[in-house]
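Some notes on the structure that comes next.
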Amino acid sequence: MKRIYVNEEWCLGCHLCEYQCAFANSGMDDMVKALKGKTIHPRIKVEGDNKISFAVNCRHCSDARCVKGCISGALSRDKDGVVVIDTDKCVGCFTCILSCPYGAIMPSSDHSVVQKCQLCMDNASGEPACVKGCPNRAIVYEERI
Amino acid sequence: MKYDYLIIGNSIAAVGCIEGIRENDNEGSICVVTDENYRVYGRPLISYYLWNKTTEKKMLSYRPDNFYKKNDVELMLGTRAEKINTEKKTVSLSGGSEIGYGKLLIAAGSSPFVPPMKGLDGVEKKFSFMTLDDAKALAEAIDKDSRVLIVGAGLIGLKCAEGISDRAGSLTVVDLANRILPSILDEKGSAIVRKHIERRGVKFYLNDSVAEFKDGTATLASGKKIDYDAVVIAVGVRPNTALAADAGGEVNRGIATDLKCATTIPDVYAAGDCAECLNSITGKSQVLALLPNAYMMGHAAGVNMSGGEELYDDAIPMNAIGFWGLHIITAGDYEGEAYVKREGIKYKKLVTADNNLRGFILIDDIERAGIYTRLVREKTPLDEIDFEAIKERPQEMAFSRAVRKDDLGGVK
Amino acid sequence: MLRDYLYPEYEAVRNSDLCIGCRACERQCSNEVHRYDSDLGKMVSDSTNCVDCQRCVCLCPTHALKIVKSDHTFKLNANWTQEAITDVIRQAGTGAVLLSAMGNPKEYPVYWDKMLINASQVTNPSIDPLREPMETKTYLGKKSEEIQRDRNGNIIPETSPQLELETPIMFSAMSYGSISYNAHKSLATAAEELGILYNTGEGGLHEDFYQYGPNTIVQVASGRFGVHEDYLNAGAAIEIKMGQGAKPGIGGHLPGEKIVDDISKTRMIPEGTDAISPAPHHDIYSIEDLRQLVFSLKEASDYKKPVIVKIAAVHNVAAIASGIARSGADIIAIDGYRGGTGAAPKRIRDNVGIPIELALASVDQRLRDEGIRDEVSVVVGGSIRSSADVVKAIALGADAVYIATSALIAMGCHLCRSCQAGKCNWGIATQVPELVKRLNPADGKERLVNLVRAWTHEIKEMMGGMGINSIEALRGNRLMLRGIGLTNKELEILGIKHAGE
Amino acid sequence: MLLREGENGNRIPAGCAISGIFSKSGTRINGKQIIDSISVMHDRSNGLGGGFAGYGIYPEYKNQYAFHVFYETNEAKEICERYLDRHFDVINLSKIPIRRIPEIKDEPLIWRYFVDPLRTRLAASQLDEKEYVVRCVNRINTKLDGCYVFSCGKNMGVFKAVGFPEDVGRFYRLNEYDGYCWTAHGRYPTNTPGWWGGAHPFAMLDYSIVHNGEISSYDANRRFIEMYGYKCNLLTDTEVITYITDYLLRKQKLSLEEMASVVAAPFWSTIDHMEEPEKSRLKFLRNKFSSLLITGPFSILLGFTGGMMALNDRLKLRSMVVGEKDDMVYIASEECAMRVIEPNLDTIWSPRGGEPVIVRLYDEAMEEIGGDE
């Protein structure tokens, strides 16, 4: 399946992926309207400084521990292999946060449920916004074997 | 009637087993026998159900509606497995029928443990807190004025307290131990959480126990008296091992299994709360009555039952739990050198031993906790990572470049 | 000194209504123009160090930034322009030669823009490149040898070493050191994909890039940096750099701070030492010396590699080219005064040399007049800005063109002309690791490939319009050009008629 | 005054009709046949030029160079004849017989000389004989005002004028000539100089070219070929093609097929898929003579002693068909031009772009005409 991959060699630490993610998942059509004056809660997080940096988001593991451990069945792999969250079912127990070896699942902004990267399948971005918005191809969306 | 795969119990381990089987075998017939009358649901959800964080309908959609159909599973509700006949490879069911199996999984779960307490039999409204029916019955029995006494300050008792906090008048918790959540928290952590819960109006009587229930009043060993309208017994659970024991299988606290989740009885496997598995930290077998463990063990059993091989060898104790918005994540055990960081309500304890992270406690500081879990589970040598950095906060940066490259660029 | 304060030439202007405070601009500006002011709770900019590289403008996700030319002015004076006054103030303050980079930006005529291309109407058909083969393959090298036949009268198809190009465009010399590893890698991989060549410049060849040898021209310049036998044999051709359009007559100077690690290894000089390329080759004081070097290099490479001699376009370029054509060189490269550089004294860049268009026209004609055009191929560079420039260059008589500034722009350069500062925000003209990594070679390569493919498509369109389906039929086909607004003398030098004739 | 080709440096593109007849057995064909053939393609010409080349028409002078010369004035003729006398042994000279007809006007003086190079001058020049003749002809054409040698081969002759080709044929009384090969040309120039010398065929020694097309590579070809001593005065395609032919065949000693694969080279993609040694050979030729690739539409008929070659541009942007009947070969822009003189062709086909069609006299016939090819 196509996944998002991050190559730290090319990450500039510009954090634009975080903003693109937050915008894509804001449901708004204007970035300024969506993000100005707000604290963002992106599903992708950049670690590091301007020397070494990289973004981390869901790896969409085929053997996903978060899915296996989910107590409500809110997390599942869809038919394309995307690990998706049904926030309607999620009760916010955070077992997935306990389980994810990459630290890629985080509480939603109000902490009532969790959020995670769903490859922008759940918004209007069309393709992963972080990939589109990365100025240096440090984040790519592709098939790897 | 004979099924290639017969599963006793219809909880998470059963689902893991079904999904494990279907990874290898799309043809073999599967039957699930359960004495409950529900589709599968996550038992820990019952407190959220009571707290109106979820509904029965959502609870029962742990797997999609077509789950049994899609996986071609015969589901026999309200049917109890009474006996395993190992010679004939059949299971006798309540109602007298008998069905055969090729491979059998015992995922019978556990039962609430109710210690002998004086006067308990006379308590009209007394409940366990394990099943959806328990939760429904409890909800039915209490109202805004009810004084509820919960015996047991462990995970079940306290989640129950949270669950009914908006439905009951007052909540009192009694426990023999000197602290709450003793199975997952150290004293400091326990104190923090206790304070937080107490702020919600829950009263604790620790180092104490009920000496007698009588006429709506519980008299504690210390002599204190607590009036109640309903009692919840949540002192613990006991694995349901009788089926295996009667059939001659080895049983300790739980049903003994090997790394393939097989019992000592040929073609019989066990998983979930009824079974023991290897705690990869201590190297000892124990019952890990945790939902993720049930799934993974059931899954491994299913794979092995259907001709594949999956060793269940990386089980660790771990817990994610929250009370009124305060989130706690713990894993492993706490035998070793501790690094502790406390900042107000935030509490972090990392326990190291033999160049490994052996366990941790995180209270209100759970961000990316899975990275710590990973260190515990994978026994990552700490001198291969930047432990100082990761102590500060869980991060990929603490791993070597090569590990990061695989984490972020490899196919997972 | 306070009295020498010069108001910034360009100002970063932020639209606060649009700024979301993501701080990308701050993180991306190596000149520290932008920062977040926590007291004010917003982003602020100090344009003093802004070089107008456009990095922040491009990366701002809400397009809240623009760079404007400052309207700050000295008292207007047609003679004492702002630039003239500013330069004097600078030099009075420092006592130093003014440094600059990239090509001559002055308002001299651009002859490319004064030539127009022909197209077929009625009497012969234009050709649709989407329907018919349209050939741009070009071979560079000598074509003058006599035909040899075997005993059966069959032609023995042996030629002097030739360079095969899928399209008549090559990436001109830019050294590793003046540009980054990633820029070099972009050029090398793009050249490989395009079936063309790139040029090492005088900085040697990094060991990682030996694999692109068949698409590499290795340069031998006056400093002889990184030159050794393996190097000479690593590429497809060897170029002797006699001069550079941006700074004819002077050498080069890469400061010691840029001679780090791999660069020092590649150049074969100690870390931290200045890399000084002398103005002349000190073993070439005349044309006969050049001949010796040409043949030394041919000896060293077993006569398997064509030798290119690159010169700057200067006043008597035609005569010089004639000498080179007779020196044994296989290819002459001529670099016009608009050609770029990583660093050059500003006065030299802006005042020395001649336009490539005129140099090309006179060289091509001179070589034909002398009947030696077949002795050499002619490659021209020094501001080829578009496919139209390529078509015009070839119609004037070039076999192929060298592009460098266009290639840099493709990779991200916005011609801020501050290469000499080494803080290129686009990761091109810098050796600072955090900046170097801003150019992902996968991206750089793709953009270069896109550019050359796009140009090639356009070249084919224009050829098709002229009814020409192979690039060699365009070469020297000056009837396909007409001048516009040129004097008789200019037309005469260019060897073209005026539009309407 | 009418513009002359090449004056003011203006290049003249043209469209046209061509036709050729060849007898492989050397049967002498009457000139009327070629007139009949070209006349049916009247609409492809516009009356601004027509011409013919006949081979084997001067058997009695087959070893002499036959110069056909236009003179604008008698003075020019005198100057030219003095020049000829200095360089050649003139064996015979005469006016070329013409028939005055209203369709052909303003004719110049048209003379014919059968000449041998003066042995002494030739030896002194240290040139081979053909080069000597070419240089003399070039000298006359470029340096002697009002003189123009438009045919200078052995046992062949070019006849051309401003007018429709059928009129030109009648004007020159071609029914009085017989040859084993004829080519003809009707011109449709897109500019109107109407100068007799600018009509086709264009000839150099025994090479004659009739050409239909407009080559887009003209100036690339011209500027290259001029490096080798040719001077393109007329700025016509035919002129430059003739020089290329002369350069490749006579100076570079290429075969006709090799020449074809230079001027109408196969595409690189085609070459890439060829087998060795063909692949290397074609790559070599195309690369070495890259400036002689001719692009744009053309169909040409090259006449030479003992043979004829037809060639289309590689995209076949101009029509050209070939027909055969017994030993006769017909090549023309249109099929009708063949049918009118031979209704019962054995075969007829359309050569592919870049594929040369070469016909030669049978060996006995070749000996008969005394050709040296």
- Query: Hey, what did chain B get for relative contact order, percent, Cα under 8 Å, at least 6 apart?
  - Reply: 15
- Message: My understanding is that a pair violates if its Cα-Cα distance is over 31 Å; which of B:LYS188/B:LYS260; B:LYS57/B:LYS348; C:LYS69/C:LYS423; D:LYS105/D:LYS154; B:LYS70/B:LYS103; C:LYS265/C:LYS310 do that in this structure?
- Response: B:LYS188/B:LYS260; B:LYS57/B:LYS348
- Item | Per-pair calculated FRET efficiency, R0 = 35 Å: C:GLN82 and C:ARG385 via Cβ, rounded to 0.05 | 0.85
- Message: What number does chain D give for Rg over Rh if you use C-alpha atoms and the Kirkwood radius?
- Response: 0.94
- If you take all C-alpha pairs in the range B:131-270, what percent of them are over 24 Å apart? 44
- Item | Fewest-first sequence of D:THR245, D:THR27 by Cβ atoms within 10 Å of each Cβ | D:THR27, D:THR245
- Bins of 10 Å, starting at 0 and running to the largest distance - Cα pair percent for the range C:167-457: 7, 31, 40, 20, 3, 0
- Message: Treating the range A:1-67 as a set of equal point scatterers at the Cα positions, no solvent, please give the Debye-formula log₁₀ I(q)/I(0) at q = 0.15 Å⁻¹.
- Response: -0.58
- Task: Translational diffusion coefficient, Stokes-Einstein: compute it for the range C:328-484 using the Kirkwood radius over C-alpha pairs as Rh, at 25 °C and 0.890 mPa s, and state it as an integer in µm² s⁻¹.
- Result: 142
- Message: Averaging the inverse of every distinct alpha carbon separation and then flipping it gives the Kirkwood radius. What is it for chain B, in angstrom units?
- Response: 22.8
- Message: If I histogram all Cα-Cα distances within chain C using bins 20 Å wide from 0, what percent of pairs lands in each bin?
- Response: 22, 54, 23, 2, 0
- Can you give the net charge of the other residues whose Cβ lies under 9 Å from the Cβ of B:ILE21, counting K and R as +1 and D and E as -1? -2
- Message: Explain nothing, just compute: Karplus ³J(HN,Hα) = 6.51 cos²θ - 1.76 cosθ + 1.60, θ = phi - 60°, for every residue of the range B:171-182 in order, whole Hz, x for Gly and Pro.
- Response: 10, 10, 10, 10, 8, 5, 6, 8, 8, 7, 6, x
- Item | Shielding by partners - mean other protein chain Cβ count within 10 Å, residues of C:125-133 | 3
- Once label points are set 7 Å from the Cα along Cα→Cβ at both D:ASN30 and B:ASP215, what is their separation, rounded to one decimal in nm? 15.4
- Hey, got the average number of other protein chain Cβ atoms within 10 angstrom for residues in A:3-9? 5
- Loop trypsin sites (Lys or Arg not before Pro), the range C:76-160 (other Cβ atoms within 10 Å of the site Cβ: 13 or fewer; DSSP): C:LYS106, C:ARG131, C:ARG151
- Message: Modelling each spin label as a point 7 Å along the Cα-to-Cβ direction, I'd like the B:GLU392/C:GLU193 distance in nm, to one decimal.
- Response: 3.9
- Item | Number of partner chain Cβ atoms within 10 Å, mean per residue of A:11-23 | 4
- Message: Against the empirical 2.2 N^0.38 Å scaling, what ratio does the C-alpha Rg of the range D:214-373 come to?
- Response: 1.09
- Item | the range D:119-217 - convex hull of alpha carbons, volume per residue in Å³ | 152
- Item | Kirkwood Rh in Å, taken over all unlike Cα pairs in the protein assembly as shown | 39.6
- Message: With 10 angstrom as the radius, rank B:LEU155, B:LEU220 by how many other C-beta atoms surround their C-beta, starting from the fewest.
- Response: B:LEU220, B:LEU155
- Task: Choose one of A:MET106, A:THR95, A:ILE85: the residue whose Cα lies farthest towards the positive end of the charge dipole of the range A:62-116 (beta-carbon charges +1 Lys, Arg; -1 Asp, Glu; about the Cα centre).
- Result: A:THR95
- Taking Rh as the Kirkwood radius computed over alpha-carbon pairs of the range C:239-311 and applying Stokes-Einstein at 37 °C with viscosity 0.692 mPa s, one gets a diffusion coefficient in µm² s⁻¹ of 236
- Using the number of other C-beta atoms within 10 angstrom as an exposure proxy, rank D:CYS152, C:CYS19 with the fewest first. C:CYS19, D:CYS152
- Query: Given labels modelled 7 Å from the Cα in the Cβ direction, how far is it in nm from B:ASN355 to B:LYS83?
  - Reply: 5.6
- Take the Cα radius of gyration of the range C:2-96 and divide it by 2.2 N^0.38 Å, with N its residue count; two decimals is plenty. 1.27
- Task: State, to one decimal in nm², a quarter of the convex hull surface area for the C-alpha atoms of the range A:62-116, i.e. the direction-averaged projected area.
- Result: 3.5
- Task: Would you compute, for the Cα atoms of the range B:1-99, the largest minus smallest coordinate along each principal axis and list the three values in descending order, in whole Å?
- Result: 48, 30, 17
- Peptides ranked, highest mean first, by Cβ atoms within 10 Å: ranges B:372-379, B:93-100, A:124-131: B:372-379, A:124-131, B:93-100
- Could you pull the Rg and Dmax for the range B:325-409, using just the Cα atoms, both in Å? 12.5, 38
- Task: Please express the Cα-Cα pair-distance distribution P(r) of the range B:97-181 as a list of whole percents, one per 5 Å bin, running from 0 to the bin with the greatest distance.
- Result: 3, 11, 20, 22, 17, 9, 5, 5, 5, 3, 0
- With point charges of +1 on the Cβ of Lys and Arg and -1 on the Cβ of Asp and Glu, referenced to the Cα centre of the protein assembly as shown, which listed residue (C:ILE471, D:ALA17, B:VAL237) lies farthest in the positive direction of the dipole? B:VAL237
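Read-outs: derived from the displayed coordinates by stated rules, not from any lab. Being a predicted model, the structure only gives us computed values, none of them experimental. Heads up, the Cβs are rebuilt from the backbone with ideal geometry, glycines too, and the neighbour counts pull from every protein chain shown.
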